[in-house]
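Working notes, structure below.
The values are calculated or read from the model by the stated rules, or taken from the named source; none is laboratory data. What you are looking at is a predicted structure, and each value in this text was computed from that prediction instead of being measured. Positions of Cβ are generated from backbone atoms using ideal geometry, with glycine treated the same way; all protein chains shown enter the neighbour counts. Accessible surface areas use protein heavy atoms only, side chains included; no ligands, DNA or RNA. Shrake-Rupley method; radii C 1.70, N 1.55, O 1.52, S 1.80 Å.
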Amino acid sequence: MSDVSLDNLDQHTADLLNAVAALSSLEELVTRESSLVGKRSVLSSLQKSLGGLTPDERRDAGARLQESRRRVTEALEARRVDLEAQERRATLDADRLDLGDVVGPTVSSPLEPGHPGIIAVTQLALEEVFVGMGFRVEDGPEVESDWYNFEALNMPPAHPARGMWDTFYLEMGEPETVVLRTHTSPTQIHLMERAVRDDALPIHAVMPGRCFRRDTPDARHLAAFHQIEGIVVDRDITFADLAGTIDAFTRAYFGPDIDSRLRPGYFPFTEPSAEFEITCTICRGEGCRTCSQTGWIELGGCGMIDPAVFAAVGIDSTTWSGFAFGFGIDRCAQMRHEIADMRALIDNDLRFVRQFS
Ligand code: FA5
């Protein structure tokens, strides 16, 4: 470019504009900027040489140089905007999430409508059976204080029966005072407290909901599962009412072919207590892996409400008596639909899920 002079400035300006148009990246533009229009450019050298011209020649040449610099600078800025946009687009393209990889070829097909899962369906079916028997449906919190989950249920601190439930504690308040409920039984306490406060006895209610235990998942257990609690508080309620209710429920939900039985059991909040079992539907009582070869599956616990529990909520146990029960909803679903391993309920395998739509 050393032979560039004011005489061939127009040609040089055209060359500079071509060079700007040929810049192919922002990095190249930044590197070459100074030699095109900056201090190291021919335009700047020509500017310096104006000193040897007459004032008239200098004014004329200065104006031509300024015009040339303006055109090249404008072209350079326009090229910078283009290149920035190009590079931004390239980055976005590179970062784009290809949903084709995630959802595969179904992406363009209409979305399948969802449907309630097997647990929701089972819970509704159980509620319907109990509503048909005169119970109302109530709800309760999943996070409980020690009082509701244990103490009001006749398990003072350090009571050995607390070990029946391996508990998840939340880091709230004093250590080991707030729990993820291990069973739906604390809802009994809320309900009875409310009925006392509102002078609304008797109670006939079921309370379904999620429970949590540090249980290792296996064919019959999950760490997060569901129970449906039932409670009746009325006058002259006896164990025969409890047994009759459970028998009526079994027939209504599982049909006449399934046998049920009550076995003596222990719960601190009921006395007497019983465990409620049905014939294993996987082996029809023959014995299999699901029922640990016993032929029976435990669905829940039950019993007559202990006077200590009535005392905790302020119900007079000389006037009122009652029973309570708590069944596993997941177990009911497992037995009703003959699912050998309960872990299938949480695998989210569509081949399994679609069977219950
Ligand atoms: C109880 O939870 C008592 N609250 C039941 C009760 C209520 C007794 C009212 C008396 C009066 P248990 O721990 O046995 O009891 O659990 C009851 C049922 O919940 C079990 O029979 C089972 O069907 C279900 N269950 C318990 N643990 C799990 C688990 N980890 N996964 C799935 N289901 C479970």
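Over 20 Å from the mean Cα position of the chain (by Cα) and more than 13 Å from the ligand (Cβ to nearest atom): does that describe GLY230? No, not satisfied. Among the residues making up region 185-200, those that are open to solvent by 40 Å² or more (accessible area, probe 1.4 Å) and either in a loop (DSSP other than H, G, I, E, B) or near the ligand (Cβ under 10 Å from one of its atoms) (or both) are ASP198, ASP199, ALA200. Checked against (1) open to solvent by 50 Å² or more (accessible area, probe 1.4 Å); (2) of a type in the set (S, T, N, Q); (3) within 13 Å of the ligand (Cβ to nearest atom), THR245 passes all but condition (1). Please verify whether ARG214 is open to solvent by 60 Å² or more (accessible area, probe 1.4 Å), out of contact with any strand residue (DSSP E or B) (no Cβ under 8 Å at 6 or more places or on another chain), among the basic types (Lys, Arg) and within 14 Å of the ligand (Cβ to nearest atom), treating the condition exactly as stated. It is true that ARG214 is open to solvent by 60 Å² or more (accessible area, probe 1.4 Å), out of contact with any strand residue (DSSP E or B) (no Cβ under 8 Å at 6 or more places or on another chain), among the basic types (Lys, Arg) and within 14 Å of the ligand (Cβ to nearest atom).
Going by the conditions given, is ARG331 touching a Leu at 6+ places or on another chain (Cβ under 7 Å) and open to solvent by 10 Å² or more (accessible area, probe 1.4 Å)? In short, yes.
Residues of region 265-281 being closer than 17 Å to ILE339 by Cβ and surrounded by fewer than 19 Cβ atoms within 10 Å (Cβ to Cβ), which ones? Within region 265-281, no residue meets the criteria. Selection within region 169-184: residues that are surrounded by 15 or more Cβ atoms within 10 Å (Cβ to Cβ) and more than 12 Å from the ligand (Cβ to nearest atom). The member of this set that is farthest from the chain's Cα centre (by Cα) is VAL178.
Checking ALA161 against (1) modelled with pLDDT of 95 or more; (2) part of a helix (DSSP H, G or I), which test does it fail? All conditions pass for ALA161, except number (1).
Scan region 324-332 and give yes if some residue there is more than 13 Å from the ligand (Cβ to nearest atom) and of a type in the set (Phe, Trp, Tyr), otherwise no.
Filtering region 324-332 down to residues more than 13 Å from the ligand (Cβ to nearest atom) leaves none.
No, that holds for no residue.
Checked against (1) open to solvent by 40 Å² or more (accessible area, probe 1.4 Å); (2) over 22 Å from GLY140 (Cβ atoms), ALA224 passes all but condition (2).
Report yes if some residue within region 69-92 is out of contact with any Gly (no Cβ under 9 Å at 6 or more places or on another chain), farther than 21 Å from LYS39 by Cα and of a type in the set (Lys, Arg); otherwise report no. Yes, the conditions are met somewhere in region 69-92. Within the option set ARG235, ARG289, being open to solvent by 60 Å² or more (accessible area, probe 1.4 Å) and more than 19 Å from MET133 (Cβ to Cβ) holds for one residue only, ARG289.
Might you let me know whether region 296-317 holds any residue that is touching a residue at least 12 places away in the same chain (Cβ under 8 Å), surrounded by 20 or more Cβ atoms within 10 Å (Cβ to Cβ) and more than 15 Å from the ligand (Cβ to nearest atom)? Yes, region 296-317 contains a residue that is touching a residue at least 12 places away in the same chain (Cβ under 8 Å), surrounded by 20 or more Cβ atoms within 10 Å (Cβ to Cβ) and more than 15 Å from the ligand (Cβ to nearest atom). Only residues that are under 22 Å from ALA308 (Cβ atoms), among the aromatic types (Phe, Trp, Tyr) and buried (at least 21 other Cβ atoms within 10 Å of the Cβ) were counted in region 125-156, giving 2.
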